[in-house]
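The values are calculated or read from the model by the stated rules, or taken from the named source; none is laboratory data. Quantities reported herein were computed from a predicted structural model and do not represent experimental measurements. With ideal geometry, Cβ positions are generated from the backbone for all residues, glycine too; neighbour counts draw on all protein chains shown. Note: accessible area is taken over every heavy atom of the protein model, side chains too, but ligands, DNA and RNA are not part of it. Shrake-Rupley method; radii C 1.70, N 1.55, O 1.52, S 1.80 Å.
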Amino acid sequence: MLTKFETKSNRVKGLTFHPKRPWILASLHSGVIQLWDYRMGTLIDRFDEHDGPVRGVHFHNSQPLFVSGGDDYKIKVWNYKLRRCLFTLLGHLDYIRTVAFHPEYPWIVSASDDQTIRIWNWQSRNCISVLTGHNHYVMSAMFHPKEDLVVSASLDQTVRVWDIGGLRKKSVAPGDDLMRLPQAVNNELFGGGDAVVKYVLEGHDRGVNWASFHPSLPLIVSGADDRQVKLWRMNDTKAWEVDTLRGHVNNVSCVMFHARQDIIVSNSEDKSIRVWDMSKRTGVQTFRREHDRFWILSAHPEVNLLAAGHDSGMIVFKLERERPAYATHQGTLFYVKDRYLRSYDYQSGRDNPLISIRRAGAGAGGNAGPRSLSYNPAENAVLINSDVDGGTYELHVLPKGSVGGEGSSDSRRGAGASAVFVARNRFAVLDKGNHQILVKNLKDEVTKKCSPPDSATDAIFYAGTGALLCRSEDRMILFDVQQRATMAELATPYVKYVVWSPDMSLVAMLSKHAIVIANRKLGHACTVHETIRVKSGAWDDAGVFIYTTLNHIKYALPNGDSGIIRTLETPVYLTKVFGNTVYCLDRDGKNRQIQIDSSEYMFKLALGQRKYDVVLQMIKSGSLCGQSIIAYLQQKGFPEVALHFVKDESTRFELALECGNIEVALSAAQELDDKDTWHKLGVAALRQGNHQIVEFAYQKTKNFERLSFLYLITGNIEKLQKMLKISEMRGDVMGQFHNALYLGDVPERVKILENAGHHALAYLTAATHGMKEDAERLEAVLVEAGIAVPEVTEGEEIAPLTPPKPIIVGDNWPLLTVSKGFFEGVLSGEVDASAYAEGGFDDEAGAGWGDDLDIDLGGDDDKEKEEDPLAAAGLAAGSDEEKEGGDGSDSDAGWDMEDLDLPPDVGGGDDDGGLVGPSEVFVAPTAGIPPSRRWTEKSAVPGEHAAAGDFDAAMKLLNRQLGVINFAPLKQHFIDAAFATHASMTATSMGPNLTFPLGRDWNADAPVGKTPQPALVSSLAVLEAKLKAAYKTTTEGKFGEALKLFQSIIHGVAVLLVDSRREVDEVRELLGIAREYAVALRIEMKRKEHKEDPVRAAELAAYFTHSMMQPIHASLALRSAMSLFFKLKNFNTAANFCRRLLELNPPVKVAQQAKQVLQACERTPTDEVELDYDSRNPFVVCSATFAPIYRGTKDVACSCCGAKFIAEGDHVNKVCPVCNLGAVGVEAAGLVVSPSQR
């Protein structure tokens, strides 16, 4: 059995698969109906309207409906899209056992304990027939998939087959209603004649629980309380018993034919599922559960899946592996189908059987087929591995030119968990029993033995000549068989398959939900995680790994980028990738070819490998589009390339700002023409020093204050004077004064102040600047108004504040000169791509400072004149001197605004322009990747993400790894981690500070550009110091303070980063200690709350003694419990505490007291008060209810700290009270605190 999905719930009484979607409905004894996605493992919905157990449930095969029947005598029809019950069918007088839709007609059949079977029309919502005849509970009833028949099973020990042909004729082609009126009355009274009994099958000795039809043959199978499964055959006139299948040791609950194989599957209250061979009529497989009885079976109508419901949930499973064993060598595929080893030629499409192979015996089980295949081209030999008898292999040496023989010329078989070729005439076998790797020759003779590199090695894979990849728990080890030495190891999930690239430079290791890509020496390249199962994979010739999941073909690049290529209807297994064609095997072993579009991943690969000529070709071909490509280019630092794909002006504007292309941004801003866009353009242009576009943007937004200040810093006195007049016309007094101040126009300032009524300020301004006449006039005004005349200090040197006069007023003054990058230059048409191809492309020079680092783009003058990039962008370029001989009207081209005359080099004209060298074009450099982002690129450690300031990613990782749902306690830890890894330094006065990352283990000899790992504030040493402080506080009896310290240790572990696996083990040990103490201290603090209740206090004191603590604390806990129980006169239990205390070798005084108490207790070894405490039965304490959870009782744990809780209660799925982080009862992947972990 291959379990695909499992749930834990109340007893499952009904199951049904959705015919198309990966869904299954489970009806529970509690009255709830659950809708699960068994592929994703998630609960989609729950329906809770039945009162009491729901025993039957069934999906409609085409409508979004399902029907359910329960112990409330009700049949409910639901619409799962609307997520509600549509209507209820009433009529049965007792429990309803099963319900089922008809595959074609709008009918529902139901079986009930009222000894009847009813057929309902769910469209008219009426009962159209009542089938009577059984004289005990009817346990099941179902329609035949093709014929007008119903089969029913009853506790009256019979199976009945009913003919409903009359009902079909009546419903599909109804006759005269008046003719049928007497018959209708008769039907209502006595059950009618539309459905009649065709056969009554008698043979079971006790009540029959289930009966079902074969999907295509005239067969019926039934299971009963006599523990037997019976097979029946029928024809047009009679039905008879064919055989009886014996093996179950309790009531058979359900039995059915497999949809795709000649087998019968049954389950029973004997806690087993049995598989029977229909032709041999013998049992071939048995699957058992320890504690759960099985009640129901369901088979998927199209896929090889089964489901079984039991006392504590359900399982979805397969009986056998469907993945074919295969291996590829150059242009040939070798694979196993049925009983033959076959070869498939990719080029010609020819498929030939080579040799027949042994078929496993009937008792070998469902996984007896070949698991994997290894091919040796040198000797034309094949190794086939299977799981028969704990693991076996078959060695076949293929005859030359073999095309379809019935036997193998040379075949050998042996025992071993895995067998792979390691050399031309050698293969290695893993002998798990003796813990050895055996190297054998092609005669199956042992030539060498060696021990595996790890004691937990359970599988070996090919890794090149003389080398093996050994799987060991959570890592893969590269092992040299010749040297018997470990060459490398890599932490991975549980690896199922290994796929090498054609040149053996890269390896992809496939696990259930992840793909790990590494180099030849197991150097980690990337890990790609999937939410659904990874099925297979193959490398293409370009070095891209193409893989399949259950429903997609996807790609993974060695740099970690991945994406979807196309959707699959059914799972396939990739064998080879040739260009845009994928070759694969389906689950029936048929070779298929699937066409894919490789443009997306080839584009990303070329971009990552800096093959810019390929990228350019793909851009110009127009084969790429979509938001994902644009987002990818932005993420990878190529916004200028993304700009080429975008038509939306808003997105173009944002991308143009990001890549510093101010001309495109200006064009987009003119199209958008909104205030916010012009403001952003002004900020970006100011950063570049392009003050003319800044001026234009400020004019568009009518931002007069910024415009005035811009004219001040650019020395444009003429425009400042215009601004003064504009503010005067607008009545803006403050604007007038500012502009007068910027111009240094003192008389104007005096005039403005006087007009505004500020005569004192006007007098001071005039007197200070030596304007005696104005000062005297204003003084007289002040005296006349009775206002004190301000004093002006004389005799001192006065230096009035006046703006400096501009020396040179010129064009734009760029702060930074940067040449255009490859893509921007070529895409704008300024340079031909061949110029780069010939001269080579230096990616570092594009971000240099100054003219001396500009790239010489080459080309003659005429060509440059023809391909002027600014002219192509709608902006004429060049100075007046360079435009000699041109049309003079071009120099007057402006921005269509009366108060602004833009110079020709930024004006929008149609002139082709003159010669513009690359050094005259200013393009802002693309920002590099900050070190904090590099910390998180390939990291799964939450502490590194927190240190980088990416709190959102850290929280997502913690939620996935530890199930953390309450992040409030971690807030300060996150902030401390972020601040501790960054230092701030002042660059210039009045300027912003520069932020630098702080790395640990800094080395002066490290290569330039290498980013050290972040220096985290939380370390193992800090937490160990905190642990010592917590121990001391516990000894002092400050339990509340100690509890906070232990919880702080748990919180600190969440953002911890360590280097080695040894330290990872120490962190796990530290987390366990902190959890134990936190649980123990909460018990003791709870005990102190129950001082008025000595019985409860004694129970809690007893629980406290079972906590895993330091000897000194355990001693104190035992002394406290000993005293409480002695006072309570529970002398027997008190004596037990005394003995445990003496085992700890306490101080002399404590030991003497314990011995005295022990003597007193042994005189009367009884307990007066009954407590919920059994010292002989191992237990843990529930951290919510503070009640013992004895061994064998179902419990759940906190996903973060691991504290235990009772399995049912309000605390489930709530925040854990011990650590205040994780969720109770939620599964999590496990904390990653080191790069050496997975």
Open item on the list: With N set to the number of residues, divide the alpha-carbon radius of gyration of region 503-607 by 2.2 N^0.38 Å and report two decimals.
Closed with: 1.00
TODO: Could you pull out the pairs from Lys432/Lys576; Lys271/Lys535; Lys1088/Lys1129; Lys8/Lys1204 whose alpha carbons sit more than 29 Å apart here?
DONE: Lys432/Lys576; Lys271/Lys535
Open item on the list: Suppose R0 equals 56 Å. What FRET efficiency, 1/(1 + (r/R0)^6) with r the Cβ-Cβ distance, do Asn425 and Ala983 give to the nearest 0.05?
Closed with: 0.35
Task: Å² per residue, accessible surface of region 747-794 at 1.4 Å - done: 63 Å²
- [ ] Take the cross-link list Lys956/Lys1214; Lys74/Lys169; Lys170/Lys230; Lys4/Lys280; Lys554/Lys611 and give me the ones stretching past 25 Å between alpha-carbons.
- [x] Lys74/Lys169; Lys170/Lys230; Lys4/Lys280
Task: Fraction of alpha-carbon pairs over 12 Å apart in region 747-794 - percent - done: 55 percent
Open item on the list: A 21 angstrom limit on the alpha carbon distance is what I want to check against. Which of Lys719/Lys772; Lys1026/Lys1149; Lys318/Lys512 exceed it?
Closed with: Lys719/Lys772; Lys1026/Lys1149
TODO: From the P(r) of region 1088-1184, can you give the percent of Cα pairs sitting at distances over 22 Å?
DONE: 24 percent
Open item on the list: Quick check: residue separation of Leu1142 and Leu994 times 0.36 nm, minus the Cα distance between them. What number comes out in nm?
Closed with: 46.9 nm
Open item on the list: Accessible area per residue for region 1-157 in Å², computed with a 1.4 Å probe and the full protein assembly in place, what is it?
Closed with: 39 Å²
Task: Additional length obtainable on full extension of the chain from Asp236 to Asn250, 0.36 nm per residue less Cα span - done: 1.6 nm
Task: Equivalent ellipsoid semi-axes, region 1145-1238, via Cα gyration tensor eigenvalues times 5, rooted, Å - done: 38, 20, 11
Open item on the list: Give the average over all directions of the projected area of the C-alpha convex hull of region 1033-1074, one decimal, in nm².
Closed with: 3.1 nm²
- [ ] Using 0.36 nm per residue of separation minus the Cα-Cα distance, give me the extension gain between Arg83 and His758 in nm, one decimal.
- [x] 235.5 nm
Task: Mean projected area (nm²) of the alpha-carbon convex hull when region 212-334 is viewed from all directions - done: 10.2 nm²
TODO: Hey, can you grab everything whose amide H is under 5 Å from the amide H of Val284? Only 5+ residues off in sequence or another chain; H modelled, so Pro and N-termini drop out.
DONE: Val275, Trp276, Asp277
TODO: Provide the packing ranking of 210-221, 342-353, i.e. peptides ordered by the mean count of other C-beta atoms within 10 Å per residue, highest first.
DONE: 210-221, 342-353
TODO: Return the distance in nm (one decimal) between the two label points of a simple spin-label model at Gln482 and Lys448, each offset 7 Å from Cα along Cα→Cβ.
DONE: 0.8 nm
Task: Spacing of the two label points (7 Å from each Cα toward its C-beta) at Ile1112 and Lys280, in nm - done: 7.0 nm
Open item on the list: From the phi angles alone, apply the Karplus equation (6.51, -1.76, 1.60; θ = phi - 60°) to region 950-967 and give each ³J(HN,Hα) in whole Hz, x where the residue is Gly or Pro.
Closed with: 8, 5, 4, 5, 4, 5, 5, 5, 5, 5, 6, 7, 10, x, 5, 10, 10, 9
Task: Label-to-label distance, nm, for residues given as Val792 and Val1095 (7 Å Cα→Cβ offset) - done: 9.9 nm
Task: Cβ-defined net charge surrounding Gln228, 14 Å radius [Lys, Arg +1; Asp, Glu -1] - done: -2
Open item on the list: Given a 1.4 angstrom probe, I'd like the percentage of the accessible area of region 1048-1087 that is carbon and sulfur, rounded to a whole number.
Closed with: 44 percent
